[in-house]
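Reviewing the structure listed below.
The values are calculated or read from the model by the stated rules, or taken from the named source; none is laboratory data. Predicted model, so just to flag it, every value in this text is computed and none were measured. Here the Cβ positions follow ideal geometry from the backbone for every residue, glycine too, while neighbour counts run over all protein chains shown. Accessible surface is based on the protein model in full, side chains and every heavy atom, while ligands, DNA and RNA are left aside. Shrake-Rupley method; radii C 1.70, N 1.55, O 1.52, S 1.80 Å.
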Amino acid sequence: MRVSVIDDACHGHQMCAIAAPEVFGSDEMGNAIVLIDGDIPAELQAKTRRAESNCPERAIVITD
Amino acid sequence: MTEVRKPVEDLLTDYDIFEPEFVKDPYPSFSEIRESQCPIARTERYEGSWLPTRYEDVVAIAQEYETFTSRGILVVPPFPGQGEGSYGGVTAPPITSDPPDHHWHRRLILPVFSPQSVAKFEQGTRDLCNQLIDEVIDKGTADAAADYAQHIPVRVIATLLGVPLEMEADFTAWVRAALENILDAEGRKWARKNIIEFFLAQVAERKQNPREDDFITELMNTEVEGKVVPIEYVLGVCNLMLVAGVDTTWSAIGSCMWHMAQHPEHRKQLRDNPDLWPTAIEELLRMYAPVTMARIVDHDVEFQGCPMKAGDRVLMAFPAANRDPRQFENPDEVILDREHNRHVAFGSGIHRCAGSNLARLEVRVALQTWLERIPEFELVDKTDVTWAGGQVHGPRKCLVSF
Ligand code: HEM
Ligand code: SF4
């Protein structure tokens, strides 16, 4: 599983970081950044999906 | 003054967001409109407005900033003469700004509100909550709204802005006049005058004595494209911080306290599982979203079959969107560990609340501190709770005993 954030769509709700703090952080503007390079470890995949389903801007893209 | 209010004939064509029942509990009306043939209601009251109630529609309008502009963001029209005279150009950037200016209006303040930046307010907020609790804990009873919630955000914002905490009562009065009692145009005018004069004096003082590590000083010295920002921008941002950061957050804390007073099972759930706090706060914000904003239609447009005209006002009922069963399972139930929660209590799109990380922190710390010290409490009288509504919804009197 890989994950990315569409920068133009992200408006910094930070609900991704609430759901999966190991996977999402924030830049100095409060917008989301992905903290993990490459594959998301198995133990964080459920949380990552949860982050996706909590983003009000639908700015998170998961590719399996 | 006795108020003569025309009874509402039909919610779909004549809703009244200031009708006392609606102010207290708008959710049955939202739901009736949402499930009708016409989920975007219309009223001619207060110079007319549209009221979308479905999640999808509210979010679509928030995203379409070219059609639905932020020239007017109050749920009622501006007071006569607003925008005239010296400092008439002071608005409330970025909330009242449209692109392209909105971009830099917002960018300049975002770093102050990143999760990293707001973390430094946590301990101060906790100390403040503890002081407020010290004042009531031996009495066995308190007003969760007026003795507790009301004092927290205003002091946090005053600290952030670097303005005198002793003026708390004035700030609160101005904010209430600006945002809460908004049918009183004279009151809004009074609040605006006071806020602008106050911040003008703060700016003048800093011109004499610039301060280190100070929000207003830094704002005054910011340059955009080689030019220092205009004074109207500085005053406007300060105006917004005070108005947007106080009534909203205090309403959210109040509603959460009102909820917790009635739900021992949720108090226990949080006690047993403290990791749940961040998710629980989002769920409470979904359920009790305090803020409704407005948009002004830029050009004639048909939206979901509604003939909207240039200049029409559209109410962005985020609280209604947050209870749409098409988006949320069991929307009227608080589920502290809700899995899927794309709530829009903080709005959506380019104007999404810049202060949300601070707001969340305040709500969480206020509840945690209270629950640590007063784990068991209940409403004194369910029928004796009073509410503010319209633009911002939350309890204003909420007696609890413990
Ligand atoms: C629970 C508390 C709060 C709620 C529910 C809330 C809600 C909102 C909403 C719905 C918007 C969107 C406005 C629109 O679409 O027109 C907004 C914007 C804004 N809020 Fe908040 N707010 C809260 C607390 C705060 C705090 C504490 C601050 C900081 C002092 C703040 C600062 C702002 C600013 C600066 C904007 C304008 C952003 C822009 O236009 O780009 N808010 N807020
Ligand atoms: S929840 Fe969505 S919009 Fe918010 S910070 Fe995360 S990716 Fe961005």
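Key figures
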| read-out | value |
| --- | --- |
| Residue within the range A:42-53 that is at the interface with chain B (Cβ under 8 Å from one of its Cβ atoms) and surrounded by fewer than 22 Cβ atoms within 10 Å (Cβ to Cβ) present | yes |
| Residue list for the range A:7-24, restricted to those being within 15 Å of ligand 1 (Cβ to nearest atom) and either at the interface with chain B (Cβ under 9 Å from one of its Cβ atoms) or not in a loop (DSSP other than H, G, I, E, B) (or both) | A:11, A:12, A:13, A:14, A:15, A:18 |
| Those residues of the range B:130-162 which are farther than 30 Å from residue B:212 by Cβ, surrounded by fewer than 20 Cβ atoms within 10 Å (Cβ to Cβ) and polar (S, T, N, Q), in sequence order | B:141 |
| Long-range neighbours under 6 Å by Cβ, at least six apart or interchain, first residue in contact (Cβ under 8 Å) with a residue 60 or more places away in the chain and away from ligand 2 (no atom under 14 Å from the Cβ) within the range B:343-365, second in a helix (DSSP H, G or I) and among the hydroxyl-bearing types (Ser, Thr, Tyr) | B:359/B:249; B:362/B:125; B:362/B:249; B:365/B:125 |
| Selection count, the range B:221-265, where residues are modelled with pLDDT of 95 or more and either in contact with a His (Cβ under 7 Å, 6 or more places away or on another chain) or open to solvent by 20 Å² or more (accessible area, probe 1.4 Å) (or both) | 8 |
| Pick from the range A:25-49, criterion more than 9 Å from the chain's Cα centre (by Cα) and in a helix (DSSP H, G or I), ranking: farthest from ligand 1 (Cβ to nearest atom) | A:42 |
| 1 or more residues more than 16 Å from ligand 2 (Cβ to nearest atom) and within 14 Å of another protein chain (Cβ to nearest Cβ): qualifying helices (runs of 4 or more DSSP H) within the range B:1-116 | B:55-63, B:101-107 |
| Residue within the range B:274-287 that is open to solvent by less than 10 Å² (accessible area, probe 1.4 Å) and over 24 Å from residue B:340 (Cα atoms) present | no |
| Selection from the range A:25-37 of residues that are more than 10 Å from chain B (Cβ to nearest Cβ) and open to solvent by less than 30 Å² (accessible area, probe 1.4 Å) | A:32 |
